[in-house]
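Inspection log for the structure reproduced underneath, given as structure tokens.
The values are calculated or read from the model by the stated rules, or taken from the named source; none is laboratory data. Bear in mind that the values here come from a model prediction, so they are computed numbers and not experimental data. Because the Cβ atoms are built from the backbone with ideal geometry, glycine has one as well, and the counts that use them run over all protein chains shown. The protein model used for the area step is the full one, side chains on, heavy atoms only, and it has no ligands, DNA or RNA in it. Shrake-Rupley method; radii C 1.70, N 1.55, O 1.52, S 1.80 Å.
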Amino acid sequence: MKIAGPERPFCRILVPLALALALGACGGGKTVVESDLGIKGAPDWVNKGTSVLNDRDGRLFHGVGSSPAMGDESLQRSTADDRARAEVARMLSTYMDLVSNDYVAASGSGANASSEQAVSRQIKAVTRLNLSGSKIIGRWKDGRTNTVYSISELDLKHIKSTMQGATEMNEDLRRYIDRNAENIFDKVSAKENRK
């Protein structure tokens, strides 16, 4: 039996559309986000954004922040600088979380085990000290939009020297960080570069 009527053209459109939407929603896989902003004439660091670098200059945390035009250039630069430092803080927090987790796992249990809370307190104190070592190493203003971009840098060498000078830090934790800082940095770098 043949079905006739106006519903048939409707079904020809609706069914494929519903199927396409359902398949698109179930696509799975990792969402790929392009990290290149593609701002013509901008320095590479603006287009790349926040990153963790391991190159000839050392192991570095680079945070990039921006601020739209505000009418007060000093405030605009300060805002971009603060946002760049906040990006470094975010990456340093990830790094220090890995340090803490790896140290607690390595210290095991028993007499040599450190309390997770004590380690966490020491790590947070050292993180605050290290953030003061992040430096604004560059700024760029987009002439088209008047947006100011800032880049902040924190070197792993600075982090290690700060930790060596932290008097409130557990000696075992200090030794652990001294021996493993580069390997933990490389883990963070690999994780950030997969994003």
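Show me, for region 37-54, the HN-Hα J-couplings you get by feeding each phi into the Karplus relation (A = 6.51, B = -1.76, C = 1.60, θ = phi - 60°), rounded to Hz, glycine and proline as x.
5, x, 7, 5, x, 7, x, 3, 5, 5, 5, 6, x, 4, 7, 10, 10, 10
Each residue of region 132-146 in order: what ³J(HN,Hα) in whole Hz does its phi give by Karplus 6.51 cos²θ - 1.76 cosθ + 1.60, θ = phi - 60°, with x for Gly and Pro?
Karplus values, whole Hz, x for Gly and Pro: 5, x, 6, 10, 7, 10, x, 9, 8, 10, 6, x, 7, 9, 6.
Using the structure shown, list the pairs from Lys40/Lys157; Lys135/Lys191; Lys40/Lys187 with a Cα-Cα distance above 27 Å, or answer none.
Values: Lys40/Lys157 34 Å; Lys135/Lys191 23 Å; Lys40/Lys187 32 Å.
Violating the 27 Å Cα-Cα cut-off are Lys40/Lys157; Lys40/Lys187.
Note down the net charge around Asp142, summing +1 for each Lys or Arg and -1 for each Asp or Glu among other residues with Cβ under 14 Å from its Cβ. Could you put the intermediate results ahead of the total?
On the way: positive: Lys40, Arg77, Arg139, Lys141, Arg144; negative: Glu73.
So the surrounding residues net to +4.
Could you please put Leu37, Leu154, Leu53 in sequence from largest to smallest accessible area, using a 1.4 Å probe?
Details: Leu37 110, Leu154 0, Leu53 35 Å².
Highest to lowest solvent-accessible surface, that is Leu37, Leu53, Leu154.
Is region 141-195 best put as rounded, prolate or oblate by its Cα gyration tensor, with a ≥ b ≥ c the root eigenvalues, rounded for a/c under 1.5, and otherwise prolate when a/b is larger than b/c, oblate when not? Walk me through the intermediate numbers first.
Details: a/c = 4.74, a/b = 2.05, b/c = 2.32.
Because a/c hits 1.5 or more and a/b fails to exceed b/c, region 141-195 counts as oblate.
Tabulate in residue order the Karplus-calculated ³J(HN,Hα) for region 171-182, using 6.51 cos²θ - 1.76 cosθ + 1.60 with θ = phi - 60°, rounded to whole Hz; enter x for Gly and Pro.
Result, ordered by residue: 4, 5, 5, 4, 5, 4, 5, 4, 6, 10, 4, 5 Hz.
Can you sort His158, His62 by 1.4 Å-probe accessible area, starting with the largest?
On the way: His158 65, His62 25 Å².
Largest accessible area first, the list is His158, His62.
Report Lys48's accessible area, 1.4 Å probe, all protein chains in place, as a number in Å² to the nearest 10.
Accessible area, nearest 10 Å²: 110 Å².
Quick check on packing: order 81-93, 171-183 by the mean number of other C-beta atoms within 10 Å, highest mean leading. Could you put the intermediate results ahead of the total?
Numbers: 81-93: 19.4, 171-183: 14.7.
Most protected by this proxy first, the peptides run 81-93, 171-183.
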